[in-house]
Amino acid sequence: MKKILFTLFIFSFTVSFSQNITVNETFTPQQLIENILVNSGCVSVSNFSASGGNFGTGELSYGYFNSNGSGFPFSEGIILSTGKLNSAVGPNSNFSDDGTGIGWTGDNDLNLALGLSNTFNASVLEFDFIPNANNISFEYIFSSEQYLLNPSSGQCNFTDGFAFLLKEASATTYQNLALIPGTSTPVRVNTVRGSGTICPPANETYFDAFNTGSYPTSYDGQTKILTAQSVVTPGTLYHIKLVIADEGNARFDSGIFLRAGSFISEKDLGTDRLIATGNPLCNGDNLTLNATQAGATNYQWYQDGNPVGTNSPTYNVTTAGTYDVEISINTSCTLTGSIAIEYAPNLVVLDDEFEVCDTDMDGKASFDLATIQTEIFSSLPTGFTIGLFDTTTSTTPLPSNYTNTTPFEQIIYARITNIPNCYGNIPITLNVNVFSEIITDETIGICNSTPTNISAPSGYSSYSWNTSPIQTSPSITVSNAGTYTVTITNAEGCVKTKTFTVVNSEIATITNIDVNDFNEDLTATITVTGNGNYEYSLDGITFQSSPVFNLLEAGEYTIYVNDKNNCGVVLETFFALSYPKFFTPNGDNYNDIWQIKNLEKKGLENSKIYIFDRFGKLLKQIKPGENGWNGTYNGNQLSSSDYWFVLELTNGKTVKGHFSLKR
């Protein structure tokens, strides 16, 4: 048996209603098939039969319907119902619930196709046919009272079943064509349902509406227009069985509406070649369409409705369009076929190099690949999807936030993922730039708010200071203390910032010089006032930050205090006092006299000095302005030894110590 393929297509519609459909039970099964459903010499039909409800009134559960100007999507056609045909007529104000308790059974073929065992009230219409072309199709709407607008939770799983069962006449098994497109799921109430009730929605794309009382049929809801389609073998006898039944019990009727004239045999020209389905023709490709049909007397080709070729079963496509063919078989049969063809357009690469700046100098940085994808091509057509990959053979796209693995420069590849056959790999260069120069912050003083320049390193592409208004030169003039930041951009577009901390400053005022006189270790501590950053020196050349100095010897010193912010230097002289540790009164005029010098420099000239031997005997009293002690007592030279002194200062302090006399 030839394998049968099928596809379901959907159409949506919007209508307003002013009246109801009408029905007619007088048509025979043959008339329903030949004159209503098929109505074409391109399909040879035979072996007609129908079955349905055994109502005591003689009413039928199947027959003809007409929209009667009501706006129902089909103007006319056939109804197969699980209730009385007349009960399908609107408005939707009555509950259609026929066929209970009359021994109306289900259908075994339907049970087998849907995996059921408990169907009731089956209506069946079946016939044989021989197609002239390799594709047949027909359109239908499934309607049901089980599409409740306000169901209880226990009613969500109730659903009636139907099937369009097709087989070659000699085969023993059927295939069901009434499936959710692209799946093996049958179309039923609980597989096609809209949202808005407590029951879960399912495949809403194919659901039309829940109906109100003004609807032209009696059913509470229905699907959109669906098209069942199957590939068949021309000239082969097929059998089709259209069947609908209640499931579980005979309650809540349902109906199948078949559009008049929609059962057609068409020439299959192949799958549409569309960008949306990822199979367009590539630029420069040709496609030969083949409509060869046994018994054909003429072929007429059309592109977008315009005649483009005749008397040939093939046509060579070189441009996009919708291509149709009319195949004349005889006076009562003209087969048609159609195919839509699109070409993948040429893509213009707008940018294939992208740069970011590295902040830690390792040559790696984060790239926003999602944004890069939008910037590679100029005017990328709608529906195209781009993937970025690390190799030409990789099938796993790189993440949107991507850090390069090769420092400083890496090649990745862009690819149109939904049309892989028409476009190759496009190299994309990821560059990582750096700002390698070291930029350090500075603290700068201004003297008493005197305007001064602050300067960033020169030679870069641009500068932007945090001033108001923003200044863009390498140097600016400031008059006020504060924090000034400049953003520096190099030639690669990388930035660094430099911060200047500007402080007010002034020359120092020396308020005190505290000298630790007469100690073994002489020190001087300088105290200053002023709003500045100061450093200190005893020679005016070498400066230190500490105001404390260790003095090598007693004597006169000059202290220099410099403002580091260049506001100036202040200086002052001071004296460090000490006493000689020894003297040598040997008449060589060098160190012959012991005396404490420079007391008058500190206003201590009236101090008294007493000299004692080691036994505490007073040997001499001297004054600072007088000659010192020459090492004699009562005109006699004293021997080499240690001697002691007491210095009574006029400031109330007393200094005691000893020294050596050496001969």
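The values are calculated or read from the model by the stated rules, or taken from the named source; none is laboratory data. This is a predicted model, so every value here is computed, not measured. Please note: Cβ atoms are built from the backbone with ideal geometry, for glycine as well, and neighbour counts cover all protein chains shown. What goes into the accessible areas is simple: the full protein's heavy atoms, side chains included, and nothing from ligands, DNA or RNA. Shrake-Rupley method; radii C 1.70, N 1.55, O 1.52, S 1.80 Å.
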Cα→Cβ-extended label distance, 7 Å offset, between GLU168 and THR382, nm: 4.5 nm
Subset of LYS564/LYS601; LYS364/LYS498; LYS167/LYS267 violating a 29 Å alpha-carbon distance limit: LYS564/LYS601
Convex hull volume of region 609-663 per residue (C-alpha atoms, cubic angstrom): 81 Å³
Fully extended contour minus Cα-Cα distance, from GLU648 to VAL569, at 0.36 nm per residue: 24.7 nm
Longest site-free stretch - the chain; sites: GluC sites (Glu not before Pro), DSSP loop, at most 10 other Cβ within 10 Å: 1-519
THR22 versus ASN606: modelled label distance in nm, points set 7 Å from Cα along the beta carbon direction: 14.6 nm
Contour excess over end-to-end distance, with Cα ends at SER462 and THR395 and 0.36 nm allotted per residue: 19.9 nm
Environment charge at ILE507 (Cβ cut-off 12 Å; Lys +1, Arg +1, Asp -1, Glu -1): -1
The chain - percent relative contact order, Cα under 8 Å, separation 6 or more: 9 percent
Candidate residues VAL646, VAL317: accessible-area rank, largest first, probe 1.4 Å: VAL646, VAL317
R0 of 45 Å, Cβ-Cβ distance PHE408-ASN453: FRET efficiency to nearest 0.05: 0.75
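Give the calculated FRET efficiency between ASN627 and THR523 to the nearest 0.05, with a Förster radius of 35 Å applied to their Cβ-Cβ distance.
0.70
Evaluate the relative contact order of region 469-545 (contact order divided by residue number), counting alpha-carbon pairs under 8 angstrom at least 6 apart; express in whole percent.
Relative contact order for region 469-545 comes out at 20 percent.
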Accessible solvent surface per residue of the chain, calculated while the other protein chains remain in place, 1.4 angstrom probe, Å²: 48 Å²
Extended-chain gain in nm, criterion 0.36 nm per residue less alpha-carbon gap, THR233 and SER545: 101.9 nm
Estimated inter-spin distance, LEU274 and THR487, nm [label 7 Å along Cα→Cβ]: 4.8 nm
FRET efficiency, 1/(1 + (r/R0)^6) with R0 45 Å, evaluated for SER49 and THR314 via beta carbons: 0.65
MRE, 222 nm, helices only [DSSP H, n ≥ 4, -39500 (n - 2.57), over the chain, to nearest 500]: -500 deg cm²/dmol
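Report the net charge of residues surrounding SER46, where surrounding means a beta-carbon distance below 15 angstrom and charges are Lys +1, Arg +1, Asp -1, Glu -1.
Values: positive: LYS241; negative: GLU34, GLU126, ASP128, GLU168.
Neighbour charge sum, excluding SER46 itself: -3.
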Reported label for calculated log10 I(q)/I(0) by the Debye sum over Cα atoms at q = 0.07 Å⁻¹ given (i) -0.50; (ii) -0.73; (iii) -0.65: (ii)
Around ALA320: net Lys/Arg minus Asp/Glu count, Cβ-Cβ under 15 Å: -4
